[in-house]
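Chemist: Quick one: the structure is below, questions incoming.
Since every read-out is calculated from the coordinates, none of them should be taken as a lab result. What you are looking at is a predicted structure, and each value in this text was computed from that prediction instead of being measured. Quick reminder, even Gly has a Cβ in these numbers, built from the backbone with ideal geometry, and neighbours come from all protein chains shown.
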Amino acid sequence: MSSTIVDAHAGEHAHRGGVGAFISKYVFSRDHKIIGLQFLFSTLLWFLVGGLLALGIRIQLAWPWEGMPVIGPMLFAGEGGQISPEFYTTLFTMHATVMIFFVIIPILAGAFGNYLIPLMIGADDMAFPTLNMLSYWFMWPAFALIGMSFFFPPYGAGGGWTSYPPLSAVWEAAPGSHWPQTLWLLGVTCVGISSMLGSVNYMTTIIQMRAPGMTMFRLPMTIWAMFITAILQAFALPVLTAAGFMQLLDRVAGTGFFVPEGLVVNNSIAASGGGQPLLWQHLFWFYSHPAVYIMILPAMGMVSDIISCFSRKPLFGYKPMVFSISGIAGLGFIVWGHHMFVSGMNPILGMTFMVATMMIALPSAVKVFNWLGTIWGGRLYFTTPMLFSLSFVSMFIIGGLSGIFMAATPVDIFIHDTYFIVAHFHYVLFTGTAMAVFGAIYFWFPKMFGRMMNEQLGKLHFFLTFVFMNGTFYLMHILGARGFPRRLADPYDYETFSNLQPMNQFITICAIGMVASQIIFAGNFIYSMFWGPTVGRNPWRANGLEWTAPSPPGHGNFDFQPIVYRGPYEYGSPEVDTDYYPQTQPPPDGIEPTGKSEHTDH
Amino acid sequence: MGRFWSLLFLSVPVIGVLTFVCAMGNLWPMSGGSFSFPADHWLPVNVSENGAVIDRLFMFILGLTGVIFVATGIALFFFLWKYDAEKNAEPVKFTHGSHALEIVWSVLPAAILLFIAIYQMNAWADAKLRRPTETIGTTEVPKRPLVEVTGRQFEWRLRYAGEDGEIGTPDDLYTVNELHIPVDEEIVIAIKSEDVLHSFFLPNLRIKQDIVPGMKQFVWFRANQTGTFDVVCAELCGWGHYKMRGRMTIESREKFDVWLDKQIEEQERSEFTPKAGDEDE
Ligand SMILES: [Cu+2]
Ligand SMILES: [Cu+2]
């Protein structure tokens, strides 16, 4: 089956030549691996942009109004290199926008989802290669629109990444945000289209294109996570898209979906009315809470695979892991109101959301215990991917536990919109997801490029990142306990917060160290891509299907028809002499193929 | 190297707990150094009754999560230390999981989480549902607000009832950013916005309520200590969000009445003209 498709692909390219061939192979490619790498490179570049925007925020908080070194004078010569309060709102708005919409979501689903799904299920490509190509190329209008928004004075959208109306919907509310905010909305809509195209493709591919023998309960956790994530995207995204269009119409056509009547904004009467600001918050969080899981579930899946591989031991509780991911996804749809406990929403409704939110902590706890169970009794190899994955577990514990504080509604009254929240979601998204992403890059890099990344540099990168990120984010819990609010350009005039500047300076210095440590990663990545030691198909002695394909896999992925005999976690199986047991390896004579009736799972 | 990495992961719960201890007790080791953290990095002084309940809940959750944080952190360290392939010759435990354990570690957290969920409901209801009442004639009605706070870019406009005790009449008193509250009384404050979202945040009273234009909302509390405290805007409201700063004076009823009378007098003397944007709706 796969060989015929390989031939068909080859024939399709043969009749083009020269530039056309190059463009169709590497630019408008329909090969899932090229598209995955396109996503990877684009998102890593945006990661740098997002990180620099974060440093802008940190510098303002550490030394308010003293301006940014080096870039400050270039950007705002007029203000003597100072960050203006308007630009400060742009900094945190764009930091979040870039990190969420241009980095985390597309790097997980776009880069790893694309690259890994066909390889790990034994397919030659995605179900809809053209759709797949479009999902990447719809990111470019988004890049362009949001990139453009920076060039309209005063320097971009400043309504927060949550874009709460009326601030974001009424032109007069944020002077100068006219075009940037509109472009921002259009840009986010394009990201939505891209995600939607991807998710339809992932669902279909995982359901339809699994290799013979690859039952649903033999799928690696990475694929389960991508599958559930795709479902979340498909059901939640239309709501955000609709809400985005409504806000767009509020801005350009004065529809007033989110604008109540009688507003006096900036001394002028804002038009129309008849809307409700809370409506936006409901619609926005109906997507953006599930999006939180879109930003963590694939990381959990990849970490499960990596930890099992380097513990040389089966994943503990495979099915409970699958059920917890599904549980998180299901509950994830009925907890959005926990972002709105103090928004003015009906407090009794708040209680309902509170109970659901408390309960969603449960599957996360189950996952943590199962990771610990996987490590228990294994033979651990502290490779770079393993270190990053372990740090995911260690940090996710912090991010998960701090979530309980804000799920408790009375406590949330105090810590809502403070740095406690900022600490919480950075523990989940940076020290959690971003660590998993680094781990996954080190792990699958040899498959992607046929070369190893340098382990020593990788460990140095891990160590420095680990230390600096904790120095950066951990103390934010303390700031939050003090009540230190988010998004204040200069908080130190408040008596309550006037003593927090030294701690903020400490955090900023750690943040600079954290960003600087990524130079090691960038260097290692680029060097290894071209000059790293070449590897064979399976450098980590791992079980997954992707490790039976050539490194890097050619067009059509497999040079043989993979047939799957068991789940992906049979490390240390007594059936074989090696400490791993690839999914495609036929069982030795005399042994019944295991896993026929899923009893390998327990 | 396995030893080194194990210890690195052990440092997470150790330093993690120590940081909180330092914050609670002002025990920062670097005091005096280039990063001398001054005192007060913990919950700001609480001066309200429901605030004390919220603080206790915070500390309860901190203790509970602290125990789980330390226990899981130490388990992680112990497994890393013990099962390091370089040091450990034992064959791996070839197991795919355990039903019994899965049940234990699902039911136990579920019970704890459910307990927290139910345990806190009362404090939430006190803060957001049970508005104090007063008796007018023979009927019990929701207590009328002492002051109406209007958020606008970028200041707090306050409006106290005049002689007649009703807000919205011509004898109202107007001030900006300066909130006065009598101590030891049930206080209701009406809050509204005339432009964008704001959030009325009184850190020392553990009060926070987003202000939504088009909606009139109420917060209530009973302050039990006098002093001057911050009024913070906690919801992004534009470029000047950071400077939307007010002050709240909690004082005895006598002092409050004196202040109010003096303000009314001054307002009348400077010809009674409502400030722009404060016309009655
Ligand atoms: Cu959420
Ligand atoms: Cu504000």
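Chemist: Among DSSP beta bridges whose residues both lie in the protein assembly as shown, state the antiparallel percentage, nearest 5. It would help to have the intermediate numbers written out before the result.
Modeler: Details: 38 of 49 bridges.
Expressed as a percentage, antiparallel bridges in the protein assembly as shown total about 80.
Chemist: So, one more: I'd like to compare A:371-380, A:232-241: which one has the highest average count of other Cβ atoms within 10 Å, and what's the full order after that? List each step's numbers first, then the result.
Modeler: Values: A:371-380: 23.7, A:232-241: 19.8.
Those peptides, ordered most packed to least, come out A:371-380, A:232-241.
Chemist: For the pairs A:Lys313/A:Lys367; A:Lys313/B:Lys82; A:Lys33/A:Lys319; A:Lys33/A:Lys367, flag any whose C-alpha to C-alpha distance is greater than 21 Å.
Modeler: Working: A:Lys313/A:Lys367 16 Å; A:Lys313/B:Lys82 15 Å; A:Lys33/A:Lys319 29 Å; A:Lys33/A:Lys367 30 Å.
Checking Cα-Cα distances, A:Lys33/A:Lys319; A:Lys33/A:Lys367 exceed 21 Å.
Chemist: How far apart, in nm, are the 7 Å Cα→Cβ label points at A:Ala21 and B:Ile15?
Modeler: With each label point 7 Å from Cα toward Cβ, the separation is 5.4 nm.
Chemist: For the protein assembly as shown, build the charge dipole from Cβ charges (+1 Lys, Arg; -1 Asp, Glu) around the Cα centre, then report which of A:Phe316, B:Leu260, B:Gly214 sits farthest towards its positive end.
Modeler: A:Phe316
Chemist: Relative contact order for region B:1-153 using alpha-carbon pairs under 8 Å, separation at least 6, rounded to a whole percent? Provide the component values of the computation, followed by the final result.
Modeler: Values: 64 pairs, mean separation 38.5, N = 153.
Averaging sequence separation for qualifying contacts and normalising by length gives 25 percent for region B:1-153.
Chemist: Around A:Gly160, which amide H atoms from residues at least 5 apart in sequence, or from another chain, sit under 5 Å from its own amide H, with H modelled in the peptide plane?
Modeler: Those lying under 5 Å, H to H, from A:Gly160 are A:Thr93.
Chemist: Which stretch or stretches of region A:532-547 have amide N atoms under 18 Å from the point lying 7 Å from A:Gln456's Cα along the Cα→Cβ direction?
Modeler: Answer for region A:532-547: A:532-534.
Chemist: I've got another one for you. Relative to the longest principal axis of chain B, what angle (0 to 90°, nearest 10) does the C-alpha long axis of helix B:99-119 take?
Modeler: 20
Chemist: Just subtract the alpha-carbon distance of A:Ile334 and A:Trp531 from 0.36 nm times their residue separation and send over the number in nm, one decimal. Let's see the in-between values first.
Modeler: Working: separation 197, 0.36 × 197 = 70.92 nm, distance 4.92 nm.
That pair, A:Ile334 and A:Trp531, stretches by 66.0 nm at full extension.
Chemist: Can you list residues from other chains, or at least 5 along the same chain, whose modelled amide H is less than 5 Å from the amide H of B:Gln217?
Modeler: Long-range HN contacts for B:Gln217: B:Ile191.
Chemist: Here's something else I'd like to know. Mind sorting A:Arg486, B:Arg247, B:Arg56 by how few other Cβ atoms lie within 10 Å of their own Cβ, fewest first?
Modeler: On the way: A:Arg486 21, B:Arg247 15, B:Arg56 12.
By the 10 Å Cβ count, ascending, the order reads B:Arg56, B:Arg247, A:Arg486.
Chemist: Another question, then. Would you pull out the residues with amide H under 5 Å of B:His198's amide H, same chain only if 5 or more places away, H placed 1.01 Å from N?
Modeler: Hits under the 5 Å cutoff: B:Ile211.
Chemist: Determine the shielding of peptide A:494-502 by partner chains: average, over its residues, the number of Cβ atoms on other chains within 10 angstrom of each Cβ. Mind showing how you got there, number by number?
Modeler: Working: counts 9, 7, 8, 5, 3, 5, 4, 2, 10.
Going residue by residue through A:494-502 and averaging, the value is 6.
Chemist: Quick one: dipole size for region A:33-271, taken about the Cα centre, charges +1 on Lys/Arg Cβ and -1 on Asp/Glu Cβ, in debye to the nearest 20.
Modeler: On the way: 5 positive and 8 negative charges, 132 e Å.
With Lys and Arg at +1 and Asp and Glu at -1, about 640 debye.
Chemist: Next question, about the same structure. Tell me which lysines have Cα within less than 20 Å of B:Lys143's Cα, excluding those fewer than 8 residues away on the same chain?
Modeler: Hits, sequence-local ones excluded: B:Lys128, B:Lys192, B:Lys208, B:Lys216.
Chemist: Determine, for A:Asp577, B:Asp230, the number of other Cβ atoms within 10 Å of each Cβ, and report the residues in order from fewest to most.
Modeler: Details: A:Asp577 8, B:Asp230 20.
Starting with the residue having the fewest Cβ neighbours, the order is A:Asp577, B:Asp230.
Chemist: Moving on. For region B:1-158, what class follows from the C-alpha gyration tensor (a ≥ b ≥ c being the square roots of its eigenvalues): rounded when a/c is under 1.5, otherwise prolate if a/b is larger than b/c, else oblate? Provide the component values of the computation, followed by the final result.
Modeler: On the way: a/c = 3.93, a/b = 1.77, b/c = 2.22.
Cα axes put region B:1-158 in the oblate bin.
Chemist: Counting partner chain Cβ atoms within 10 Å of every residue's Cβ in B:120-131, what's the average?
Modeler: Numbers: counts 9, 6, 1, 5, 12, 5, 1, 5, 11, 5, 1, 0.
Across B:120-131, the average partner-chain Cβ count within 10 Å equals 5.
Chemist: Share of antiparallel DSSP beta bridges in chain B, in percent to the nearest 5?
Modeler: Numbers: 33 of 43 bridges.
Expressed as a percentage, antiparallel bridges in chain B total about 75.
Chemist: What are the ³J(HN,Hα) values, in whole Hz, obtained from phi via the Karplus relation 6.51 cos²θ - 1.76 cosθ + 1.60 with θ = phi - 60°, for each residue of region A:430-438 in sequence order, with x given for Gly and Pro?
Modeler: For region A:430-438, the Karplus-derived couplings read 8, 5, x, 4, 5, 5, 4, 5, 4 Hz, x marking Gly and Pro.
Chemist: Can you tell me, using C-alpha contacts under 8 Å and at least 6 residues apart, the relative contact order of region B:135-269 as a whole percent? Working shown, then result.
Modeler: On the way: 293 pairs, mean separation 33.9, N = 135.
RCO, region B:135-269: 25 percent.
Chemist: Based on the Cβ-Cβ distance from B:Asn88 to A:Phe41, what FRET efficiency comes out when R0 is 45 Å, to the nearest 0.05?
Modeler: Efficiency computed from Cβ-Cβ geometry: 0.70.
Chemist: Helix A:277-294 versus the longest principal axis of chain A: what is the Cα-based angle in degrees, 0 to 90, to the nearest 10?
Modeler: 30
Chemist: Right, next: What whole-number distance in Å separates the alpha-carbon centres of region A:185-242 and region B:148-221?
Modeler: 47
Chemist: Related question: Angle, helix B:49-82 long axis vs. longest principal axis of chain B, Cα atoms, 0 to 90°, nearest 10?
Modeler: 20
Chemist: For the residues B:Ser6, B:Ser199, B:Ser252, A:Ser389, what sequence is obtained by ranking on other C-beta atoms within 10 Å, fewest first? Could you put the intermediate results ahead of the total?
Modeler: Numbers: B:Ser6 23, B:Ser199 26, B:Ser252 12, A:Ser389 29.
Sorted ascending by nearby Cβ count, the order is B:Ser252, B:Ser6, B:Ser199, A:Ser389.
Chemist: Just to be sure I understand the model, the point goes 7 Å from the Cα along the line to the Cβ. What's the resulting B:Glu254 to B:Asp164 distance in nm?
Modeler: Taking the simple label geometry, B:Glu254 and B:Asp164 are separated by 3.1 nm.
Chemist: From the phi of every residue in region A:471-482, what ³J(HN,Hα) in whole Hz does the Karplus formula 6.51 cos²θ - 1.76 cosθ + 1.60 yield, where θ is phi - 60° and glycine or proline is x?
Modeler: Result, ordered by residue: x, 6, 8, 5, 5, 5, 4, 5, 4, x, 4, 7 Hz.
Chemist: Then there's this: Is it possible to state the helix-based mean residue ellipticity at 222 nm for the protein assembly as shown, with each DSSP H run of 4+ residues giving -39500 (n - 2.57), the sum divided by total residues, to the nearest 500 deg cm²/dmol? What is it?
Modeler: Details: 25 runs with 454 residues, N = 883.
When only DSSP H runs of four or more count, the value is -17500 deg cm²/dmol.
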